[in-house]
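Participant: If you scroll down you'll find the structure; I have some questions about it.
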Amino acid sequence: MNSKFHSLVITLLSDFGDVYPASMKGVILGIDPDANIVDITHSIPRHDVRAGAFILMTAAKYFPSGTVHIAVVDPGVGTKRRAIAIRAVSRNGDTHYFIGPDNGLLIPAARAAGEIEVYDISNKSLFLRNISGTFHGRDIFAPVGAHMLRGLRIEEVGGRILDFRDLDFGTGKKKCDSIYCEVIYIDSFGNIITNFSGKSLDFQPGDELQIEDIRVIFSSSYGFCEKGDPVALVGSHGFLEIAVNMGNAAKMFDKKQGDEIMIEHL
Amino acid sequence: MNSKFHSLVITLLSDFGDVYPASMKGVILGIDPDANIVDITHSIPRHDVRAGAFILMTAAKYFPSGTVHIAVVDPGVGTKRRAIAIRAVSRNGDTHYFIGPDNGLLIPAARAAGEIEVYDISNKSLFLRNISGTFHGRDIFAPVGAHMLRGLRIEEVGGRILDFRDLDFGTGKKKCDSIYCEVIYIDSFGNIITNFSGKSLDFQPGDELQIEDIRVIFSSSYGFCEKGDPVALVGSHGFLEIAVNMGNAAKMFDKKQGDEIMIEHL
Amino acid sequence: MNSKFHSLVITLLSDFGDVYPASMKGVILGIDPDANIVDITHSIPRHDVRAGAFILMTAAKYFPSGTVHIAVVDPGVGTKRRAIAIRAVSRNGDTHYFIGPDNGLLIPAARAAGEIEVYDISNKSLFLRNISGTFHGRDIFAPVGAHMLRGLRIEEVGGRILDFRDLDFGTGKKKCDSIYCEVIYIDSFGNIITNFSGKSLDFQPGDELQIEDIRVIFSSSYGFCEKGDPVALVGSHGFLEIAVNMGNAAKMFDKKQGDEIMIEHL
């Protein structure tokens, strides 16, 4: 039982909604009864690979070295898109594994976790015996992830590849006193999360910003403005975020994922 | 601690929604701190025993031998309906346990898992000391399930019975080139799941079907048709399913659970 | 590894909705890979401290001695409100720990669990290295909870305090044949839960009550009245509750959290 000396965490992320993830968990526990399964979410908007990639990127980095992350937002399930497994190793040696479809979903999280190597999942002896055309999460990704959790080397899932599908959120741009960035996620509270990193910001709490035709104060937290007031801040994921205290910023600013935003520093 | 050599998985399914399942988990962990608790779902439509029975049947079979499944969709809680425990043994010796109300909820899943024996839960020494009139999930089913997970023999929960309430989804019928079947579940995406087993189908991918007054292509997966197009396929649960790529089939075909569907092979 | 002889359960409650709790779990598992994490709920209405306090109080008591409860409904995150840890010891020696903001959220649950001692969380060596202004659940409460789960003494998180923020649901009043009480929670089915304890009631099943201008039967369970009929009962949490069989009592009686209700015994 030397596995007990390692972390045995496996995370799941998908757009499956309710009900369907349970059978993935059954499959995982059949292979590794000690697996500690954590749901990141199963409520990614259906087929929204970019939203899934963003959430995986922000959550995965908080898990311990050795964690296996299975993520499935997979509009191409049952067609010829490849299944991939990634090993990401950080400078201090922390290792994360990512398993899912080859559509870019895993890439931002894996790159954030370190240097990546990508493998084509082709070793069918690891799959469930009957592969459905619609649920590779259960039939392929879950068993492969569970075997890796038990110590299977990533080289045994298939050959290494270099031509995987990439996905990049960009970084936004600064020009004079303005920031040009993109909405990469709207959370369930209507907070607008942009692709502009908090590390590149030189705003101070109390600074005034002009976002579209609305005046917004930059702050360190939600709690410093009045109910219904908009506020800009560096969100918990580390990106510039626009929120409304007890309200919905996506509605106030009429923004959706993929939209551009211009923010002027007054 | 020889229990560690067995699987210690306990699943929960209910129509309790949010909040209420947590106290069931507390009760289970108080009896067996090593229990590995997995939620199948707590969002079964309220009091919909047939929907609960279908989801339990499709999910339970993916869990390892030894799993205890607690399921509670229980319009009759607090009245005189019995509580039951079932042992289901498959041909190769795999054993699953099912615990819940005697209203048919457990039966399709248990029969799918093997030969069944049904016991009336009557050993009150296993229950919580104070039994509420409204929450047997927490006060009766959770402690009984946790004791069974720790190795309590099913014969100790009460006497064996033969007159349990049955529930059968039927199988649909083939007549000439048409299939007559029933909607047994509408999932959260609006996919229509019928009671016609994929094993009895002789359609090939690309075949044309007439469903009500809509022309539908039979396919092996969602990914092969255009956005908004209907598609028929064998779903991940093994039954004939009608879906709309990125849309809602239940709305397009105006179907709800229990409705009949006629499918003509053109 | 003597921790294995104790319960290693840690519960989470918040108003974070989907997605955000996962990174708290990652942080906890990075500190204690054996933590058994149970979600009580993450769907508390946003910033509703009283609703969170009620749910925590009703759920926490079912968990085993030694459980650490992290609860975060925290309108003041990032401002100067304190973070606190509580040890509650019952008469028979059962111990529960509570971690969260100093806004009253933890108090009813902690008092229900026994005699309480409250500590100001100020030992920054326990926190994540980078503290965001908006997500102390992940950056402060999760790591402190995980360290306590691993055996850190509560005295090491900071100094004991006596001036914590209190919160009290009251108890309602009896006057002649009437009960005057308050709505403390509306659950997702629209059931109205009051602050009147079932232990103080002297109604018998079958008794008639007048609630506002509607005649209601007192019953021991939901199952004894017709579909659409209102019913009063002692709910699973131990308080007087008004429900509608297969319907929504909050709508029928036009009540929301904080409203008063007068119940006349006919």
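Participant: Under a Cβ-only charge scheme (Lys and Arg +1, Asp and Glu -1), can you give me the dipole magnitude of segment B:173-265 about the Cα centre, in debye to the nearest 20?
Facilitator: 220
Participant: Hey, what's the Cα Rg ratio for segment A:173-265 versus the globular rule of thumb, 2.2 N^0.38 Å?
Facilitator: This ratio for segment A:173-265 stands at 0.94.
Participant: Starting from the exponent 0.38 and prefactor 2.2 Å, build the expected Rg for segment A:85-144 from its residue count and divide its actual Cα Rg by it.
Facilitator: 1.24
Participant: I need C:VAL77, B:VAL144 ordered by Cβ neighbour count within 10 Å, fewest first.
Facilitator: By the 10 Å Cβ count, ascending: C:VAL77, B:VAL144.
Participant: Let me ask something else. Rounded to the nearest 20 Debye, what is the dipole magnitude of the protein assembly as shown about its Cα centre when Lys and Arg each give +1 and Asp and Glu each give -1 at the C-beta?
Facilitator: 2000
Participant: Does anyone have the angle between helix C:21-31 and the longest principal axis of chain C? Alpha-carbon axes, 0 to 90°, nearest 10?
Facilitator: 40
Participant: Continuing with the same structure: From a point 7 Å beyond the Cα of C:GLU212 in the direction of its Cβ, which residues of segment C:160-203 have a backbone N at a distance under 12 Å?
Facilitator: C:192
Participant: With angles folded into 0 to 90 degrees, how steeply does helix C:49-60 sit against the dominant principal axis of chain C? Use alpha carbons for both and round to 10.
Facilitator: Approximately 90 degrees, to the nearest 10.
Participant: Related question: Report, for the protein assembly as shown, the % of DSSP beta bridges that are antiparallel, rounded to 5.
Facilitator: Bridges in the protein assembly as shown are about 75 percent antiparallel.
Participant: Distances in nm, one decimal, shortest first, from C:ASP254 to the same residue in every other copy, taking the label point 7 angstrom along Cα→Cβ.
Facilitator: Relative to the other copies, C:ASP254 has label-point distances of 3.7, 3.7 nm.
Participant: When DSSP beta bridges are limited to those with both residues in segment C:155-266, what percentage is antiparallel, rounded to the nearest 5?
Facilitator: If we restrict to bridges inside segment C:155-266, about 95 percent are antiparallel.
Participant: Another question, if that's okay. Give the cross-link partners of A:LYS80 among the lysines, using a straight C-alpha distance below 27 Å as the criterion and excluding same-chain residues fewer than 8 apart.
Facilitator: Straight-line reach from A:LYS80, under 27 Å: A:LYS25, A:LYS124, B:LYS199, B:LYS227.
Participant: Grab the other residues whose beta carbon is less than 12 angstrom from that of A:ASP207, score K and R as +1, D and E as -1, and report the net.
Facilitator: -3
Participant: Here is a follow-up. With +1 on each Lys and Arg Cβ and -1 on each Asp and Glu Cβ, and nothing else charged, work out how big the dipole of segment C:1-156 is about its Cα centre, in Debye to the nearest 20.
Facilitator: Here segment C:1-156 has a charge dipole of around 120 debye.
Participant: Please identify which residues in segment B:32-54 have an amide N closer than 20 Å to a label point set 7 Å out from the Cα of C:LYS227, following the Cα→Cβ vector.
Facilitator: Taking a point 7 Å out along Cα→Cβ of C:LYS227, the residues of segment B:32-54 whose backbone N falls under 20 Å are B:44-54.
Participant: Using only alpha carbon positions, build the gyration tensor of chain B, then give the equivalent ellipsoid semi-axes as the square roots of 5 times its eigenvalues, largest first, whole angstrom.
Facilitator: Equivalent ellipsoid semi-axes, largest first: 38, 18, 17 Å.
Participant: Label B:THR79 and A:SER122 with points 7 Å out from Cα along Cα→Cβ: what is the distance between them in nm?
Facilitator: A separation of 6.1 nm, rounded to one decimal place.
Participant: Also: Within 10 Å of each residue's Cβ, count the other Cβ atoms and sort B:PHE196, C:PHE189 from fewest upward.
Facilitator: C:PHE189, B:PHE196
Participant: I've got another one for you. Quick check on the exposure proxy: order C:MET252, A:MET24, C:MET57 from fewest to most C-beta atoms within 10 angstrom.
Facilitator: C:MET252, C:MET57, A:MET24
Participant: Two-decimal Rg/Rh of segment C:12-112 from alpha-carbon positions, Kirkwood Rh?
Facilitator: Result for segment C:12-112 is an Rg/Rh of 0.95.
Participant: Translational diffusion coefficient, Stokes-Einstein: compute it for the protein assembly as shown using the Kirkwood radius over C-alpha pairs as Rh, at 37 °C and 0.692 mPa s, and state it as an integer in µm² s⁻¹.
Facilitator: Taking Rh from Cα pairs, D becomes 117 µm²/s.
Participant: A further question on this structure: Considering only DSSP beta bridges with both partners in segment B:9-161, what is the antiparallel share in %, to the nearest 5?
Facilitator: Taking every DSSP beta bridge within segment B:9-161, about 55 percent pair in antiparallel fashion.
Participant: Shifting gears a bit: For A:96-105, what's the mean count of beta carbons from other chains sitting within 10 Å of each residue's beta carbon?
Facilitator: 0
Participant: Please give, to one decimal in nm, the separation of the simple spin-label points placed at A:ASP168 and A:ASP254, each 7 Å out from Cα toward the Cβ.
Facilitator: Label-label distance for A:ASP168 and A:ASP254, simple model: 3.2 nm.
Only the coordinates and a few stated rules stand behind these numbers; no lab work does. Worth saying up front: this structure is predicted, and the values here are computed from it rather than measured. No Cβ is skipped: glycine too gets one built from the backbone with ideal geometry, and neighbour counts run over all protein chains shown.
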